[in-house]
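Chemist: Below is one structure. I have some questions about it.
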Amino acid sequence: MAVRVFLSRSVHHLLSKGKRSHLGRIAAYKYSTVAALEDPIKPTVNVDHTKLFINGQFVDSASGKTFPTLDPRTGEVIAHIAEGDAEDINRAVAAARKAFDEGPWPRMTAYERSKILLRLADLIEKHNDQIATLETWDTGKPYAQAAKIEVPMVVRLLRYYAGWADKIHGMTIPADGPYHVQTLHEPIGVAGQIIPWNFPFLIFSWKIGPALACGNTIVLKTAEQTPLSALYVANLLQEAGLPEGVLNIISGFGATAGASLCSHMDVDKLAFTGSTETGKTILELAAKSNLKSVTLELGGKSPFIVCEDADIDTAVEQAHLALFFNQGQCCCAGSRTYVHEKVYDEFLEKAKARALKRVVGDPFKSGTEQGPQIDSKQFNKIMKYIRSGVDSGATLETGGEQFGKKGYYIKPTVFSNVKDDMLIAQDEIFGPVQSILKFKDLDEVVRRANSSRYGLAAGVFSQNIDTANTLARALRVGTVWINCFDKFDATIPFGGYKMSGQGREKGEYGLRNYLQVKAVVTPLKNPAWL
């Protein structure tokens with residue numbers, strides 16, 4: 001009911017500002033191709049793993065508390081999960097510390113660690129459908145996306161880092177004088193890792209893959225909204241051969257379990273994916289405790305730049321996917337679509353038509369492109385931004401309201417005539433809201449694109465290689481996709497400039513987060529050469 005009242009106020013405001021023609025354009029379209037919401041499809045997997053995973057065992061939380069994880073399709077409870085807090089973090093860190101200081105993991109050969117990671121990848125591949133089902137049930141993302149894209153990407157990444165395990169080495173360095181100088185690349189110790197709710201299983205692999213390949217031990221906290229996939233995989237660790245205490249998984253809340261992990265004096269490293277505001281808090285907690293190093297992958301407001309010579313049909317489709325993929329819940333979403341004024345009208349009409357064709361519905365139903373938002377909090381946040389866009393004078397071309405009467409579904413939303421000073425062009429909405437802005441020349445679009453406090457990624461669409469190269473070097477972001485978007489690979493580093501984070505994950509660069517460099521200097525007596 002609150003959503004309906006909210007929307008009616010937005011429409012009333014739109015009409016009161018003399019924009020009836022825009023509303024008429026919206027009414028002229030219908031979501032005829034969008035799947036009607038029916039009774040939710042019942043998942044074909046049981047939730048058997050709901051406890052904390054500490055020192056190789058599933059255990060209750062010290063307090064005995066649990067919390068519900070909810071189905072975004074309905075808001076109903078899937079399962080009750082053990083709620084970890086400071087005492088459970090202490091137990092997990094103690095297990096990880098003992099496993100690092102006394103256990104076999106950092107002392108076995110790198111080749112043996114590699115084989116264990118390969119076995120874990122094989123087991124995940126074997127359990128692909130079960131993991132994908134849990135991921136869809138917990139997050140609301142389409143099952144096809146989880147089963148055919150994300151779980152296979154996890155398998156690929158773990159095999160990639162398994163290949164790196166026995167190729168991590170230092171250097172021999174010439175020095176001025178009779179000395180033998182070498183560097184050792186050593187595991188950093190106990191790593192605390194905190195993963196988000198939008199890609200919980202994929203980011204799980206981004207965190208554990210390089211850390212384990214380097215010989216570290218881990219305490220990982222799941223997002224409270226989406227604990228199921230990580231806990232399921234915990235059940236596979238023993239079969240893979242991972243020693244006790246090497247990987248511990250705690251479900252719980254940021255203010256309790258997360259803060260305790262970040263402040264813990266026996267944790268040597270933190271890695272976090274999530275919001276910029278939480279990232280600031282993590283840096284502060286790390287500094288106030290033992291000054292542990294921190295890797296952060298944070299928010300974004302990525303520009304998607306369509307030049308006048310771009311292939312418009314390709315750009316429209318890629319811009320659509322760049323924004324609406326994963327219900328718009330992507331840190332690198334192309335959420336500022338800058339289109340050259342000469343092709344703006346054509347792009348807008350085609351972008352609007354594509355949004356109206358997007359299939360919204362039960363993520364377990366074949367053909368669904370867009371499921372629900374993660375929870376009521378995110379749903380309400382997105383609706384608030386939609387109202388802000390209307391109130392600030394942007395044109396609501398389509399969408400802007402709840403889809404169906406149950407769950408957290410939002411119709412794909414497109415705004416035109418968006419200005420840089422509007423909140424929808426500045427803030428990370430994290431939802432299915434496309435903002436389309438107009439630009440005149442490259443200097444202007446570079447200046448406007450770089451004016452954001454974020455710098456995670458960007459898309460550039462042009463058939464002119466000089467234009468593409470100019471923009472790629474001028475944009476202050478960690479990744480630039482040229483005539484494509486959201487192309488991820490285990491080998492490609494990912495991370496941001498400015499308030500989008502620090503450090504890089506994936507690829508060879510991801511190993512650096514979990515290694516210490518030690519210089520060893522030894523005198524030489526009567527060396528034959530220097």
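Chemist: Mark the label point 7 Å from the Cα of E125 along Cα→Cβ and return the residues of region 149-166 whose backbone N is within less than 14 Å of it.
Modeler: 151-163
Chemist: Separate question: Any chance you could give the angle, 0 to 90 degrees and rounded to 10, that helix 312-324 forms with the longest Cα principal axis of the chain?
Modeler: The two axes meet at around 60 degrees.
Chemist: To test your reading of the geometry: what angle, between 0 and 90 degrees and rounded to tens, separates the Cα axis of helix 151-164 from the longest principal axis of the chain?
Modeler: 30
Chemist: Here's another thing I want to ask about it. Taking all pairs of different Cα atoms in the chain, averaging 1/r and flipping that mean, what Kirkwood radius in angstroms comes out?
Modeler: 24.4
Chemist: Taking the dipole about the Cα centre of region 185-319, with the C-beta of Lys and Arg at +1 and of Asp and Glu at -1, give me whichever of Q238, S260, L296 is farthest to the positive side.
Modeler: S260
Chemist: Could you tell me which of V59, T74, T44 has its Cα farthest along the dipole of the chain towards the positive end, charges placed at Cβ (Lys, Arg +1; Asp, Glu -1), taken about the Cα centre?
Modeler: Positive-end residue among those listed: T74.
Chemist: Normalised by the residues of region 293-420, what does the relative contact order come to in percent, with Cα pairs under 8 Å and at least six apart?
Modeler: 20
Chemist: Calculate, in nm to one decimal, what M265 and V517 gain on full extension: separation in residues at 0.36 nm each, minus their alpha carbon distance.
Modeler: Taking M265 through V517 to full extension adds about 88.6 nm, to one decimal.
Chemist: Label points 7 Å out from Cα along the Cβ direction at K405 and I173: separation in nm?
Modeler: Rounded to a tenth, the inter-label distance reads 7.0 nm.
Chemist: How big is the charge dipole of the chain about its Cα centre, in debye rounded to the nearest 20, if each Lys and Arg gets +1 on its Cβ and each Asp and Glu gets -1 on its Cβ?
Modeler: 880
Chemist: Now, a different point. Between rounded, prolate and oblate, where does region 157-300 land on the alpha carbon gyration tensor, with a ≥ b ≥ c its root eigenvalues, rounded for a/c under 1.5, else prolate if a/b exceeds b/c?
Modeler: Note, shape of region 157-300 comes out oblate.
Chemist: Another one. Starting from the Cα-Cα distance between K42 and A353, subtract it from 0.36 nm times their residue separation and give me the gain in nm to one decimal.
Modeler: 108.8 nm
Chemist: What length, rounded to one decimal in nm, is gained on full extension from K342 through to D441, with 0.36 nm per residue of separation minus their alpha-carbon distance?
Modeler: Full extension from K342 to D441 adds 34.6 nm.
Chemist: Once both axes come from the Cα atoms, what is the angle between helix 276-288 and the longest principal axis of the chain, in degrees from 0 to 90, rounded to 10?
Modeler: 20
Chemist: Give a residue-ordered list of calculated ³J(HN,Hα) values for region 477-488 (Karplus: 6.51 cos²θ - 1.76 cosθ + 1.60, θ = phi - 60°; whole Hz; x for Gly, Pro).
Modeler: 9, x, 9, 10, 9, 9, 6, 6, 7, 6, 8, 10
Chemist: For region 460-530, run through the trypsin sites (Lys or Arg not before Pro) and keep only the ones in DSSP coil with at most 11 other Cβ atoms within 10 Å of their Cβ.
Modeler: The qualifying sites are K487, K525.
Values in this text are rule-based calculations from the coordinates and carry no lab data. As the structure is a computational prediction, the values presented were derived from the model and not from experiment. Glycine gets a Cβ as well: all are built from the backbone with ideal geometry, and neighbour counts include every protein chain shown.
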